[in-house]
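The structure follows.
The values are calculated or read from the model by the stated rules, or taken from the named source; none is laboratory data. What you see is a predicted model; the values in this text were computed from it and never measured. Reconstructed Cβ throughout: ideal geometry from the backbone, glycine too, with neighbour counts over all protein chains shown.
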Amino acid sequence: MKNFLTPLFLFLSFANFAQTQNSVDAYKLNQDFGNIIQSLADNYIYLKDKKTDFDCVKDKYANVVGNVKTNQERVLFFEYLLNEFYDTNLLLNTTTKSSFRLHSPLHIVLKEGKFYVQNIWYSQIKDFGKNIIGAEVLNFNSKEFNKVIDDFPTQCANKNLPEVREWIANKIISGRLNESRILTLKLTDDRKISLDVDNIKIKEDKKLLTVRKENGIAIIKINNSLGNNKLIKRFDRQLNTLLNTKGLILDLRNTVDGENDYVARAIMSRFIDKDLPYQKNITKEKYGNNPEVNRSRLEFVSPRGTQYNKPVVVLVGRWTGSTGENLAVGLDGMERAKIVGSEMGKLVGSTIDYSFENRKYGYRIPTQKLYHVNGILKENFVPEFNIIQQSTLVDDVLVKAFNLFELKDLNNFDSKDVTTNNIIAKTDKKP
């Protein structure tokens, strides 16, 4: 018990919380704890896929819930509990000053026990000037990086598993809201540098989308606005002015936030001339003590407005999340676009918001698994043109997109006949 509480209260001690802060009512906190545990057991569709011992989670957190005294501690208590499942789409709908951010402008990967920078948020970082791709992460805030991972405040997730360790590593460089993020990196030429992640300048795009043309090709960049219904009318107006272009590049590399399939379907509907399947959903049903049964359905999107029937290329990356992933996977499944870029954000499934009994906020749980129409889980999708980032100085993804328009037969980009008959056999694979 002591080992678990130490990091919780240690981190809180740096926040200078006032002693007069309201204490948490023990009965209500226990009620909320039981609520979230039951919600996970009943609704978290990835629960059985995770390598986390659920009984361990229930026991460890039940043992310490009585020691949580303030509202700030309570938020971290539930945040740490959800972190046990190393799932970025499973989260609390509130934060404290000591909470972890949801993402950072870097993405690192684990190779043979060491961590390396694989991607930077090229489309949004400005005036960076350093090529840190391939750099090894040595330290975080002057502490050996693997030791920081070992000290990450989870108790039941197996930190020796590569997928768990890599998820925690990226959570660490996302950082706490009230702490600095200074990395010691060893570059590929063996030079060591210090990188303050908070000094990386991120572009702020206030418009819902931006549009430009280059060599007869239109480029529409979605500015992290897929969660905003107003994007639909704005997108329609812009697309209607681009119907005579030779082709379209849809840039989804800044869609890290927002979950709104209504907007995704509205955008996809402008690129087809008939109903087409774009994803398969699987959820589970269980009533009382009766057996659990999977329920699956194939989702279609219908044409809307004037069809844009020219070739389309979609740009994706690690900061293409949730709805952006659904949009890219859907257009690929309908064979209506070529997808260029790296693996995406891997925000699993489709979520539902749940409420605590006694709190004004709640938490989000993935309750459905989403599949490409070919049967691949959305989070396992890899672009047909998978670009390994080589430099922070050149936009390799955009360069590849323009090369496709130059080298490919443009007719190959057109919508092809995708029917229910040739989809069902592919999507009825065991999830």
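Within segment 253-266, can one find any residue that is under 20 Å from L347 (Cα atoms), modelled with pLDDT of 95 or more and aliphatic (A, V, I, L, M)? Before you say what the answer is, go through the steps one by one.
Step one: filter segment 253-266 for residues under 20 Å from L347 (Cα atoms), giving 253-265.
Keeping just the survivors that are modelled with pLDDT of 95 or more gives 253-255, 262-265.
Now restrict to residues that are aliphatic (A, V, I, L, M): 263-264.
Checked segment 253-266: at least one residue is under 20 Å from L347 (Cα atoms), modelled with pLDDT of 95 or more and aliphatic (A, V, I, L, M).
Just need a number here: residues in segment 97-117 that are within 16 Å of the chain's Cα centre (by Cα) and of a type outside the set (A, V, I, L, M).
Looking only at segment 97-117, we keep the residues that are within 16 Å of the chain's Cα centre (by Cα), and these are 100-109.
Then drop every residue that is not of a type outside the set (A, V, I, L, M), which leaves 100-101, 103-105, 107.
Final tally of qualifying residues: 6.
Within segment 74-91, can one find any residue that is closer than 26 Å to L161 by Cα, in contact with a Leu (Cβ under 8 Å, 6 or more places away or on another chain), part of a helix (DSSP H, G or I) and modelled with pLDDT under 95? Even if it seems obvious, please write down each step before you answer.
Residues of segment 74-91 that are closer than 26 Å to L161 by Cα, as a first pass: 76-91.
Subsequent filtering for residues that are in contact with a Leu (Cβ under 8 Å, 6 or more places away or on another chain) retains 76-80, 82, 85, 88-91.
So of that shortlist, the ones also part of a helix (DSSP H, G or I) come out as 76-80, 82.
Within this subset, residues satisfying the condition of being modelled with pLDDT under 95 are none.
Within segment 74-91, none of the residues are closer than 26 Å to L161 by Cα, in contact with a Leu (Cβ under 8 Å, 6 or more places away or on another chain), part of a helix (DSSP H, G or I) and modelled with pLDDT under 95.
Would you point out the residue of segment 240-272, among those that are more than 22 Å from the chain's Cα centre (by Cα) and part of a loop (DSSP other than H, G, I, E, B), that is surrounded by the fewest Cβ atoms within 10 Å (Cβ to Cβ)?
Of everything passing the filter in segment 240-272, N244 is surrounded by the fewest Cβ atoms within 10 Å (Cβ to Cβ).
Quick one: R336 ticks every box in (1) more than 18 Å from W167 (Cα to Cα); (2) not in a loop (DSSP other than H, G, I, E, B) bar one, so which box is it?
(2)
Also, I was wondering about something else. Taking the criterion of being surrounded by 16 or more Cβ atoms within 10 Å (Cβ to Cβ), within 21 Å of N141 (Cα to Cα) and touching a residue at least 40 places away in the same chain (Cβ under 8 Å), would at least one residue in segment 201-209 satisfy it?
Step one: of segment 201-209, the residues surrounded by 16 or more Cβ atoms within 10 Å (Cβ to Cβ) are 205, 208-209.
Add one more test, that the residue is within 21 Å of N141 (Cα to Cα), and what stays is none.
No, segment 201-209 contains no residue that is surrounded by 16 or more Cβ atoms within 10 Å (Cβ to Cβ), within 21 Å of N141 (Cα to Cα) and touching a residue at least 40 places away in the same chain (Cβ under 8 Å).
Using the structure shown, decide if F152 is in contact with a helix residue (DSSP H, G or I) (Cβ under 8 Å, 6 or more places away or on another chain), in a loop (DSSP other than H, G, I, E, B) and at pLDDT 95 or above. Break it down into steps so the answer makes sense when it comes.
Working: in contact with a helix residue (DSSP H, G or I) (Cβ under 8 Å, 6 or more places away or on another chain): yes; in a loop (DSSP other than H, G, I, E, B): yes; at pLDDT 95 or above: yes.
Against the criterion (in contact with a helix residue (DSSP H, G or I) (Cβ under 8 Å, 6 or more places away or on another chain), in a loop (DSSP other than H, G, I, E, B) and at pLDDT 95 or above), F152 qualifies.
Would you mention how many residues in segment 92-118 are part of a loop (DSSP other than H, G, I, E, B) and in contact (Cβ under 8 Å) with a residue 40 or more places away in the chain? Write out each step before concluding.
Looking only at segment 92-118, we keep the residues that are part of a loop (DSSP other than H, G, I, E, B), and these are 93-99, 101-105, 112-113.
Narrowing the set further to residues that are in contact (Cβ under 8 Å) with a residue 40 or more places away in the chain leaves 93-99, 101-105.
Of the residues in segment 92-118, 12 are part of a loop (DSSP other than H, G, I, E, B) and in contact (Cβ under 8 Å) with a residue 40 or more places away in the chain.
I'd like the residue in segment 376-409 that is over 30 Å from N131 (Cα atoms) and at pLDDT 95 or above and, out of all such residues, is surrounded by the most Cβ atoms within 10 Å (Cβ to Cβ).
Here the residue is K378.
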